[in-house]
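Single-structure report; data block below.
The values are calculated or read from the model by the stated rules, or taken from the named source; none is laboratory data. The structure displayed is predicted, hence computed values, not measured ones. All Cβ positions, glycine included, derive from the backbone under ideal geometry; neighbour counts span all protein chains shown. The area values use the complete protein model at the heavy-atom level, side chains included, leaving out ligands, DNA and RNA. Shrake-Rupley method; radii C 1.70, N 1.55, O 1.52, S 1.80 Å.
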Amino acid sequence: FDDPQHLLSPRIYDFLDGAPGPPADAFAKNSAVMGGDGRLWFITSEGVVTLDPANLAHNTVPPPIKIVSFKSRGIRVRDPQQITLPQGRSQIEIDYTALSLAIPQRVRFRYLLAGVDNEWVDAGNRRQAFYTNLEPGTYRFNVVAANNDGVWSLKPASLTFNIPPTFVQSNWFLALCATALCLSIWIIYRFRVRQLTGKFRERLEQRLAERERIARDLHDTLLQGFQGLILRFQSVANEIPSSFRAHGMLGEILDTADVVLSEARESVTLLRTGDINDLSHRFSETAERMSAAHAAEFQLVVEGTPCLLHPVVSTEVCRIGEEAIVNAYQHGQARLIEVVISYGANDLGLSIQDDGVGMTPAIVDRGGKRGHFGLIGMRERAAQINAELVISSRPGAGTEIRLKVLSSTAYVTARRTDWRFWPRLSSAAFEGRS
């Protein structure tokens with residue numbers, strides 16, 4: 001009463017303490033009085049109750065606890081200590097009790113199942129614990145009790161039980177599922193890669209057919225017309241006496257025309273067949289032609305067994321390599337040029353490296369000066385065949401150009417297959433390409 005903020009701990013007396021009935025009317029006067037000896041008197045509906053505040057009984061003995069039984073779908077174990085259940089069990093019932101004879105109805109319990117409960121569960125006076133949907137594993141059940149005056153036991157009663165996993169719940173099954181999932185993804189991915197490769201090769205065939213059509217048109221129109229003009233000029237030259245200066249000049253012009261016509265026929269033939277499978281020969285010819293004006297040592301290495309290349313791929317690879325070699329001679333001022341052609345099982349590789357003056361990052365990124373499209377053209381050609389092109393260079397450190405084309409795209413025969421788990425191929429490679 002001196003401190004209204006002080007929290008009191010009430011103690012309730014009911015029929016378990018001997019009260020004969022509920023309290024009398026709360027509004028009745030003198031329903032509770034204190035006698036001269038300090039005892040309290042209460043009127044109930046069934047009689048009078050007396051209570052001596054100076055001599056209240058208090059139970060200080062914590063109740064001993066006992067786990068009586070363990071049940072799980074047809075299995076019952078009495079006085080359990082440690083149990084191993086059959087596989088697949090997920091529902092259990094644990095019965096427990098506390099030995100308190102003062103007022104057994106007021107004994108309270110708390111329990112905790114390690115691995116399931118995060119804190120103690122207040123069970124009241126309930127003497128059973130139920131758990132469902134338990135995962136495989138080892139569990140420890142602990143239970144404590146308090147007597148009628150709230151004195152808790154110091155040591156809990158414990159029970160350890162184990163639920164073995166079924167095959168479906170085991171790590172082996174999870175590993176098999178993960179393996180099956182990865183294998184399924186790999187098969188689907190390989191199928192998609194094969195599908196995209198087929199589409200890409202179909203586009204290459206369309207490009208090849210278009211080239212052949214253009215070659216036929218050039219042969220049937222331009223070359224035939226040019227051949228007719230040469231024959232007519234030859235007829236005119238035959239009418240001019242050999243002593244005339246014009247006869248010799250016209251003869252020189254006709255010789256030049258024959259050379260041009262021969263080169264044109266070769267270009268049309270190349271456009272029709274795309275037969276540039278001997279990359280090493282073409283690169284050596286390019287280097288020999290450039291060495292007349294620019295002195296540099298040229299080294300060429302062929303790794304693996306040369307394979308027949310798709311005409312479109314062989315043309316683009318040849319053009320990229322020739323452009324890189326010409327740049328090394330003409331702009332790189334290189335003393336040594338090394339070319340490596342690699343016919344691998346997974347891809348066709350081409351590497352051109354020189355020890356020249358190199359290029360700035362701006363030139364590598366944007367493709368050089370205005371009006372120079374060598375690097376840009378190389379990237380465009382690489383994109384046409386879905387190849388990986390890497391240009392590495394810095395001032396004073398030379399230049400290295402690496403090109404890789406998937407074997408499924410580069411080679412004509414299907415005996416070489418790219419079995420890498422993540423081949424560099426995607427549907428974006430085919431969008432907008434022709």
- Task: Specify the residue that is least open to solvent (accessible area, probe 1.4 Å); the eligible residues are those in region 290-313 that are modelled with pLDDT of 85 or more and farther than 23 Å from Ala382 by Cα.
- Result: Phe298
- Subset of region 164-202 [more than 16 Å from the chain's Cα centre (by Cα) and of a type in the set (S, T, N, Q)]: Thr166, Gln169, Ser170, Asn171, Gln195, Thr197
- Task: Scan region 40-53 and give yes if some residue there is modelled with pLDDT of 90 or more and touching a Pro at 6+ places or on another chain (Cβ under 7 Å), otherwise no.
- Result: yes
- Any residue in region 310-324 that's within 18 Å of Ser407 (Cβ to Cβ): show its pairings with residues that are in a helix (DSSP H, G or I) and small (Gly, Ala, Ser) at Cβ separation under 6 Å, as long as the two are six or more apart or on different chains. Val313/Ala410
- Task: Take region 28-38 and flag every residue that is open to solvent by 50 Å² or more (accessible area, probe 1.4 Å) and polar (S, T, N, Q).
- Result: Asn30
- Note on the structure: The condition of being more than 15 Å from Pro62 (Cα to Cα) and in contact with a Leu (Cβ under 9 Å, 6 or more places away or on another chain) holds, among Arg106, Arg126, Arg89, only for Arg89
- Scan region 278-289 and give yes if some residue there is modelled with pLDDT under 80 and surrounded by 11 or more Cβ atoms within 10 Å (Cβ to Cβ), otherwise no. yes
- Query: Which residues, taken from region 105-119, are touching a strand residue (DSSP E or B) at 6+ places or on another chain (Cβ under 9 Å) and touching a residue at least 24 places away in the same chain (Cβ under 8 Å)?
  - Reply: Arg106, Val107, Arg108, Phe109, Arg110, Tyr111, Leu112, Leu113, Ala114, Gly115
- Query: Name the pairs whose Cβ atoms lie under 8 Å apart, with the first residue in region 282-295 and in a helix (DSSP H, G or I), the second open to solvent by 80 Å² or more (accessible area, probe 1.4 Å), and 6 or more positions between them or separate chains?
  - Reply: Met290/Gln330
- Message: Can you find a residue that is assigned to a helix (DSSP H, G or I) and either free of Cβ contacts under 8 Å to residues at least 12 places away in the same chain or open to solvent by 30 Å² or more (accessible area, probe 1.4 Å) (or both) anywhere in region 329-346?
- Response: yes
- Message: Whether any residue in region 12-27 is surrounded by 10 or more Cβ atoms within 10 Å (Cβ to Cβ), β-branched (Val, Ile, Thr) and closer than 27 Å to Gly124 by Cβ is what I want to check.
- Response: no
- Complete set of residues in region 164-210 that are in a helix (DSSP H, G or I), touching a Ser or Thr at 6+ places or on another chain (Cβ under 9 Å) and within 30 Å of Asn133 (Cα to Cα): Phe173
- Query: Residues in region 98-123 that are in contact with a helix residue (DSSP H, G or I) (Cβ under 9 Å, 6 or more places away or on another chain) and surrounded by 19 or more Cβ atoms within 10 Å (Cβ to Cβ): how many?
  - Reply: 2
- Which of (1) touching a Ser or Thr at 6+ places or on another chain (Cβ under 9 Å); (2) free of Cβ contacts under 8 Å to residues at least 60 places away in the same chain; (3) among the hydrophobic types (A, V, I, L, M, F, W, C); (4) open to solvent by 30 Å² or more (accessible area, probe 1.4 Å) does Leu134 not meet, given it meets every other one? (4)
- Message: Considering only residues that are open to solvent by less than 50 Å² (accessible area, probe 1.4 Å) and either assigned to a strand (DSSP E or B) or modelled with pLDDT of 85 or more (or both), which ones fall in region 314-328?
- Response: Glu316, Val317, Cys318, Ile320, Gly321, Glu322, Ala324, Ile325, Val326, Asn327, Ala328
- When Ser434 is evaluated against the numbered criteria (1) at pLDDT 85 or above; (2) touching a Lys or Arg at 6+ places or on another chain (Cβ under 8 Å), which criterion, by number, is the only one it fails? (1)
- Can you name the residue in region 39-90 that is closer than 19 Å to Thr160 by Cα and polar (S, T, N, Q) and is also most open to solvent (accessible area, probe 1.4 Å) among such residues? Gln82
